[in-house]
1. Test A:Gly64 against the criterion of being in contact (Cβ under 8 Å) with a residue 12 or more places away in the chain, within 17 Å of the chain's Cα centre (by Cα) and within 13 Å of chain B (Cβ to nearest Cβ), and give yes or no.
2. Only one of these is surrounded by 12 or more Cβ atoms within 10 Å (Cβ to Cβ) and closer than 30 Å to B:Ser33 by Cα: B:Leu60, B:Leu104, B:Leu91, B:Leu79. Name it.
3. I need a count of the residues in the stretch A:16-46 that are touching a residue at least 24 places away in the same chain (Cβ under 8 Å), within 14 Å of chain B (Cβ to nearest Cβ) and of a type in the set (Ser, Thr, Tyr).
4. Pull out all pairs, ordered by first then second residue, where Cβ-Cβ is under 9 Å, the residues are six or more apart or on different chains, the first lies in the stretch B:67-89 and is more than 25 Å from B:Ile56 (Cβ to Cβ), and the second is part of a helix (DSSP H, G or I) and at pLDDT below 90.
5. Could you tell me which numbered condition A:Pro58 fails, if it satisfies all but one of (1) more than 9 Å from every other protein chain (Cβ to nearest Cβ); (2) surrounded by fewer than 22 Cβ atoms within 10 Å (Cβ to Cβ); (3) modelled with pLDDT of 95 or more?
6. Scan (1) touching a residue at least 60 places away in the same chain (Cβ under 8 Å); (2) over 19 Å from A:Ile5 (Cα atoms); (3) surrounded by 23 or more Cβ atoms within 10 Å (Cβ to Cβ) for the single condition A:Phe165 breaks and write down its number.
7. So the check is Cβ under 7 Å with 6+ separation or different chains; which pairs have a first residue in the stretch B:110-125 that's surrounded by 11 or more Cβ atoms within 10 Å (Cβ to Cβ) and a second one that's among the polar types (S, T, N, Q)?
8. Name the pairs: first residue in the stretch A:107-126 and surrounded by fewer than 20 Cβ atoms within 10 Å (Cβ to Cβ) and modelled with pLDDT under 95, second residue among the small types (Gly, Ala, Ser) and not in a loop (DSSP other than H, G, I, E, B), Cβ to Cβ under 6 Å, at least 6 apart or on different chains?
Amino acid sequence: MNILIIVPAFNEEESITGVIRDLRKYVPQAEVLIVDDGSADATTQVAREMGAKVLELPFNLGIGGAVQTGYLYAYQHDYDIAVQFDGDGQHIASEVKKLIEPLESGRADLSIGSRFLNPGAYHAPIFRKLGIRIFSFVLSRILGMAVTDSTSGFRAANRRAIEFFSRSYPDDYPEVESLVLLHKMNMRMEEVAAAMRERTSGRSSITPVRSVYYMTKVLMAIFIDLLKKVR
Amino acid sequence: MDLLKFLAVMGSGALLVIVVELIRRGKLKERYSLLWLFAGVVLLIFSTSRYLLELISHALGIFYPPSFLFLLAFFFLLLITLHFSVVISGLSEKNKKLAQELALMRQDLKNAIDGNAIAIRDGAGERP
């Protein structure tokens, strides 16, 4: 099976080298595709120097639009499996193997790497944790399966899911929303326990007020997705 | 004709003339102009005939006829902003598709150029 690893990157010139190096080492059979989402820094140049394929977006589309560009590439170049892998270094290359196993054995159309399947393994900030709990509860009801880490961007899609994502992939909260859309398409999903690195540098701007606002928006997006026509 | 009526007719007439002129010069697409033309015509009708305005207002149970005009204007603005939201959504979707297509084509082009460079090195391929 040919595997494409889609790495969305926005101003990641610092971490992209390590990401590509790790992926080459642990998933040598896969092609690495960087999607540079309109970075202002040298992300594209650094990745090209390492010999990775780079899709360079002319301006910032946001995570949804960037990841979808990767799925379009996977679809057009006939890849069987596409893995989503963050460019900031929080995902761990040696975990990819576990992630694609349910697809290779034909059990699922999409597999999701979950930080929380192994309890106590990952320490998220309290408000983030609460938000993730609430999404998990709502999504588990909608999808009829346990979802422990709905905001995880560490995923793998088979040909069926690639084809669907290349046509329609949500822009606003793609990780959570895409699960609802896949469910409406009757696709099978499976969570896989996956370790992730905890963010070392700052950037976590989650305050109580903001996280409530964020949760409300995501929950609304979920309910709108339930009303949406998908094909 | 009283001054108020004169001003109202002039105002709604001016709106119609401006809309038509914008369409004529190609600055406003016909498909976006229908609502504006409709608004201009309705305003013109009510400014020429206060009787009609009063008749409809009373039929609807509105005591103060001008407030019926405000209501109409409010609905019109609501409708046109909704229309704009739909148009903007469509445009941003198209914009996203264009950006994605551009990124994919750049990569395909780079592949083709690199492939040709290798072919030249190996004694085949077309020299630019």
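1. On the way: in contact (Cβ under 8 Å) with a residue 12 or more places away in the chain: yes; within 17 Å of the chain's Cα centre (by Cα): yes; within 13 Å of chain B (Cβ to nearest Cβ): yes.
Taking the combined requirement at face value, the residue satisfies it.
2. Numbers: B:Leu60 fails: surrounded by 12 or more Cβ atoms within 10 Å (Cβ to Cβ); B:Leu104 fails: closer than 30 Å to B:Ser33 by Cα; B:Leu91 fails: surrounded by 12 or more Cβ atoms within 10 Å (Cβ to Cβ).
On inspection, the qualifying residue turns out to be B:Leu79.
3. Qualifying residue count for the region: 2.
4. B:Phe84/B:Tyr32; B:Val87/B:Tyr32
5. Just one mismatch for A:Pro58, condition (1).
6. So the condition that A:Phe165 fails would be (2).
7. B:Gly125/B:Asn116
8. A:Leu117/A:Ala193; A:Asn118/A:Ala193
The values are calculated or read from the model by the stated rules, or taken from the named source; none is laboratory data. All of these numbers come straight from a predicted model, not from anything done at the bench. Neighbour counts run over all protein chains shown; Cβ positions are idealised from the backbone, glycine included.
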